[in-house]
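Q: Here it is: the structure, laid out below.
What follows draws every value from the coordinates through simple rules; no lab data is involved. On a predicted model such as this, the values are computed, not experimentally measured, just so you know. Heads up, the Cβs are rebuilt from the backbone with ideal geometry, glycines too, and the neighbour counts pull from every protein chain shown.
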Amino acid sequence: MVETSVRAKAAVEVRGLTVRFGSYTAVEGVDLEVGEGEFLALVGPTGCGKSTLLNVVAGLLPPSAGEVYALGEPVGGPNRKAGYLFQQDALLPWKTALDNIAMGLVFRGVPLREARNQARPWLERVGLARFGDRYPHQLSGGMKKRVGLAQVLITNPRLLLMDEPFSALDVQTRHLMENLLLELWQEDRKSVIFITHDLEEAIALADRVVVLSAGPASRPIGSFAIPLRRPRDVAEVRLTEEFLGIHQEIWSLLRGEVQKSYAQQG
Amino acid sequence: MPNKAKVRLWQVGILLVFLGLWEWGARTGRLDKLYFAQPSEIAARIVKWFSEGDIYRHLWVTSVEMLLAFVIGTLLGVAMGLWLALSPPVAAVLDPYIKALNSIPRVLLAPIFTIWFGLGMLKMIALGITLVFFVAFFNTYQGVREVNPVVLANARMLGADGGRLLRHVYLPSAASWIFSSLRTSIGFAVIGAVIGEYLGSAAGLGYIIQQAEGVFDTTGVFAGIVVLMVFVLALDYLVSRVEAQLLRWRPQEAEARS
Ligand SMILES: Nc1ncnc2c1ncn2[C@@H]1O[C@H](COP(=O)(O)OP(=O)(O)OP(=O)(O)O)[C@@H](O)[C@H]1O
Ligand SMILES: [Mg+2]
């Protein structure tokens with residue numbers, strides 16, 4: 001199986017992780033491992049603690065208890081070896097698309113001119129060759145996500161953390177972005193944690209889907225390998241018999257958690 | 001959108017009506033010229049000043065004073081604003097002192113500054129700085145505190161820290177606040193210079209106005225005010241041009257100005 005072959009060296013190791021906000025326990029006793037080169041999707045009902053978990057792995061949020069290792073090192077402070085694609089708009093509004101992409105390098109000490117030269121091919125790869133001198137407010141939502149993706153990938157992180165990056169996009173744009181992501185990922189197989197609350201998206205993209213329980217004190221309650229063939233087309237793969245089977249299996253677990261979550265909020 | 005030409009027409013119209021009424025009132029004796037002067041005489045006085053040339057020396061003195069106050073006050077204010085915004089413990093300690101200092105009516109500092117610095121330019125510059133500093137400081141502080149936390153986290157994850165974070169994230173983010181402070185500051189720098197001159201100096205527009213007032217020369221006072229006004233408007237225009245250039249990434253600003 002996929003799992004055993006990639007587990008050899010873990011890209012991310014989370015042991016007994018607990019995060020509290022005041023008296024509220026968001027996640028508790030989380031154990032999670034992401035293999036080198038593995039594409040892991042994390043699903044769970046809204047508010048269960050997915051972003052919290054990702055922020056801890058990124059080093060943006062200190063854990064209340066537990067250990068977190070990324071790429072073999074304990075995490076403490078923003079992890080520069082990881083790339084983080086945020087749920088919200090995170091581009092620098094005062095930089096053009098090209099400069100936004102270049103910033104990933106400039107922040108690491110590459111001179112601006114050189115960084116721009118390296119950013120140009122990335123602009124092309126995400127299909128924005130003609131939009132390099134536009135500011136973020138002059139780009140559509142999908143275009144902004146492309147710039148964000150290029151901005152993160154240009155730093156060539158070994159670990160890619162993505163927090164519902166496409167959830168604000170319309171279905172067509174979303175499929176385009178998912179395919180683009182898979183295409184780029186296929187090139188060098190970075191380790192990925194991809195958060196989504198869309199189970200179909202999770203199955204279409206990932207090697208493995210982990211389900212989180214409803215909060216408070218959320219934790220992983222199921223891990224499903226996705227043996228679908230690659231390369232995949234995210235729109236077509238959804239129509240296969242195999243896909244539907246996997247979907248049914250995971251949904252039967254996830255549905256209960258979603259209902260619990262609604263019951264708590266109602 | 002109102003028609004630009006129409007707006008201009010109205011603006012000029014209002015000015016002409018206002019000046020016309022004033023002139024008419026002064027000529028027909030409905031307004032006492034001793035108190036209100038007369039536009040045509042004020043204009044004549046300004047022309048006379050410039051043709052005689054003595055005004056240039058005073059303009060120069062006031063300009064130097066206010067520009068220095070403006071530049072030094074802004075630099076100090078921005079630096080202090082950055083420092084405090086980025087080190088909350090320091091801000092917490094200094095907060096009451098800053099509030100206390102800012103609550104002093106600056107006019108009251110003029111006599112003290114006269115004792116410290118004499119009647120030369122230094123006094124006016126110091127007075128201007130005490131005004132400009134706080135405007136720049138508060139705006140920079142606020143601007144930095146309002147940085148979008150997601151944009152900041154993103155820059156951090158991309159590897160930015162220290163100087164790069166300051167240059168590429170904090171300063172651009174605070175720029176619109178700082179610019180709005182610049183335009184207020186120019187006015188304050190002028191106030192500092194002119195009030196200082198007025199309350200005791202040997203040269204400058206405030207000095208001219210004070211001299212004119214001393215002999216009840218209302219025309220001279222108004223002429224001085226008009227020259228000052230034009231001067232401030234010109235500076236404000238310059239700053240707004242620089243601002244439009246530097247903040248062209250902003251959605252409404254870019255469209256509204258083009
Ligand atoms: N800074 C904070 N202070 C207090 N509570 C917080 C904070 N951040 C998150 N929480 C709480 O922790 C829980 C998990 O939040 P989190 O943002 O991780 O959820 P999520 O799974 O990402 O949700 P969504 O799918 O809606 O993005 C929520 O109940 C939230 O209210
Ligand atoms: Mg979230």
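Q: Test of understanding: what is the full-extension gain from B:Y56 to B:L15, defined as 0.36 nm times their sequence separation minus their Cα-Cα distance? Intermediate results must be reported in sequence, preceding the final value.
A: Numbers: separation 41, 0.36 × 41 = 14.76 nm, distance 2.69 nm.
Between B:Y56 and B:L15, full extension yields 12.1 nm more.
Q: Per DSSP H run of n ≥ 4, the term is -39500 (n - 2.57); total these for the protein assembly as shown, divide by its residue number, and report the mean residue ellipticity at 222 nm rounded to 500 deg cm²/dmol. Could you put the intermediate results ahead of the total?
A: Numbers: 22 runs with 316 residues, N = 524.
That comes out to -19500 deg cm²/dmol.
Q: Now, a different point. How big is the charge dipole of chain A about its Cα centre, in debye rounded to the nearest 20, if each Lys and Arg gets +1 on its Cβ and each Asp and Glu gets -1 on its Cβ? Write out the running numbers ahead of the final one.
A: Details: 30 positive and 31 negative charges, 167 e Å.
Result for chain A is approximately 800 debye, rounded to the nearest 20.
Q: For the range B:88-99, in order, what is each residue's ³J(HN,Hα) by Karplus, 6.51 cos²θ - 1.76 cosθ + 1.60 with θ = phi - 60°, in whole Hz (x at glycine and Pro)?
A: My calculation for the range B:88-99 gives x, x, 4, 4, 4, 5, 7, 3, x, 5, 5, 4 Hz in order.
Q: Oh, and also: For the protein assembly as shown, give the magnitude of the charge dipole about the Cα centre (Cβ charges: +1 Lys/Arg, -1 Asp/Glu; no others), in debye to the nearest 20.
A: Details: 51 positive and 47 negative charges, 211 e Å.
The dipole of the protein assembly as shown has a size of about 1020 debye.
Q: Right, something else. Filter the chymotrypsin sites (Phe, Trp or Tyr not before Pro) in the range B:205-236 down to the DSSP loop ones having no more than 15 other Cβ atoms within 10 Å, then list what survives. Mind showing how you got there, number by number?
A: Numbers: sites: B:Y207, B:F216, B:F222, B:F231; in loops: B:F216.
Those satisfying the criteria are B:F216.
Q: Is chain B best put as rounded, prolate or oblate by its Cα gyration tensor, with a ≥ b ≥ c the root eigenvalues, rounded for a/c under 1.5, and otherwise prolate when a/b is larger than b/c, oblate when not? Mind dumping the intermediate values first?
A: On the way: a/c = 2.84, a/b = 1.55, b/c = 1.84.
Oblate, since a/c reaches 1.5 and b/c is not below a/b.
Q: Taking H placed 1.01 Å from N in the peptide plane, check which residues at least 5 places from A:R208 or on another chain put their amide H under 5 Å from its amide H.
A: Answer set, sorted by chain and number: A:F39, A:A41, A:I226.
Q: Ranking A:R134, A:R229, B:R250 by Cβ neighbours within 10 Å, fewest first, what do you get?
A: Ordered from fewest to most neighbouring Cβ atoms within 10 Å, A:R134, A:R229, B:R250 come out as A:R229, A:R134, B:R250.
Q: Using a 7 Å offset from the Cα along the Cα-to-Cβ direction at both A:R238 and B:A79, what is the distance between the two label points in nm, to one decimal?
A: Here the modelled spin labels are 5.9 nm apart.
Q: Right, next: Once amide H atoms are placed 1.01 Å from N in the peptide plane, what residues at a sequence separation of 5 or more from A:A26, or on another chain, have their amide H within under 5 Å of its amide H?
A: Here the answer is A:V19, A:R20, A:F21, A:A217, since their amide H atoms fall under 5 Å of that of A:A26.
Q: In what order do A:D133, B:D217, A:D198 fall by count of nearby beta-carbon atoms within 10 Å, going from fewest to most? Each step should come with its number before you reach the end.
A: Numbers: A:D133 10, B:D217 18, A:D198 14.
With the fewest neighbours first, A:D133, B:D217, A:D198 line up as A:D133, A:D198, B:D217.
Q: Can you tell me how chain A classifies by the Cα gyration tensor, rounded, prolate or oblate, using a/c under 1.5 as the rounded cut?
A: Working: a/c = 1.62, a/b = 1.35, b/c = 1.21.
Prolate, since a/c reaches 1.5 and a/b exceeds b/c.
Q: How long are the three semi-axes of the equivalent ellipsoid for the range A:158-228, computed from the Cα gyration tensor as the root of 5 times each eigenvalue, in whole Å, largest first? Before the final figure, lay out the partial values.
A: Values: eigenvalues 89, 48, 27 Å².
Equivalent-ellipsoid dimensions as semi-axes: 21, 15, 12 Å.
Q: Please list, ordered by chain and number, the residues whose modelled amide H lies under 5 Å from the amide H of A:L91; skip anything fewer than 5 residues away on the same chain.
A: none
Q: While we're on this one: Taking square-rooted eigenvalues a ≥ b ≥ c of the alpha carbon gyration tensor, is the range A:20-79 rounded, prolate or oblate, where a/c under 1.5 means rounded and, failing that, a/b exceeding b/c means prolate? It would help to have the intermediate numbers written out before the result.
A: Values: a/c = 1.97, a/b = 1.23, b/c = 1.60.
Cα axes put the range A:20-79 in the oblate bin.
Q: Could you point to the residue in B:M229, B:F113, B:S180 farthest towards the positive end of the range B:37-257's charge dipole, with +1 and -1 charges on the Cβ of Lys/Arg and Asp/Glu respectively?
A: B:S180
Q: Taking 8 Å as the Cα distance limit and 6 or more residues as the minimum spacing, I'd like the relative contact order of chain B as a percentage. Please report the intermediate quantities before stating the final value.
A: Working: 278 pairs, mean separation 62.8, N = 258.
Once normalised by length, the contact order is 24 percent.
Q: Next up: Too long at a 18 Å Cα-Cα cut-off: which of A:K95/A:K145; A:K81/A:K190; A:K50/A:K95; B:K99/B:K123?
A: Details: A:K95/A:K145 15 Å; A:K81/A:K190 11 Å; A:K50/A:K95 30 Å; B:K99/B:K123 23 Å.
Pairs exceeding the cut-off: A:K50/A:K95; B:K99/B:K123.
Q: Report the one residue of A:V152, B:T74, A:V110 whose Cα lies farthest in the direction of the positive end of the charge dipole of the protein assembly as shown (charges on C-beta: Lys and Arg +1, Asp and Glu -1; origin at the Cα centre).
A: B:T74
Q: Further question: Quick one: if you stick a label point 7 Å off each Cα along the C-beta vector at B:V239 and A:Q88, how many nm between them?
A: With each label placed 7 Å out from Cα toward Cβ, I get 3.1 nm.
Q: Determine, for A:S261, A:S191, B:S87, the number of other Cβ atoms within 10 Å of each Cβ, and report the residues in order from fewest to most.
A: B:S87, A:S261, A:S191
Q: Relative to the Cα centre, what is the charge dipole magnitude of the range B:56-160, using +1 at the beta carbon of each Lys and Arg, -1 at the beta carbon of each Asp and Glu, and rounding to the nearest 20 debye?
A: Numbers: 6 positive and 3 negative charges, 18 e Å.
I would put it at about 80 debye.
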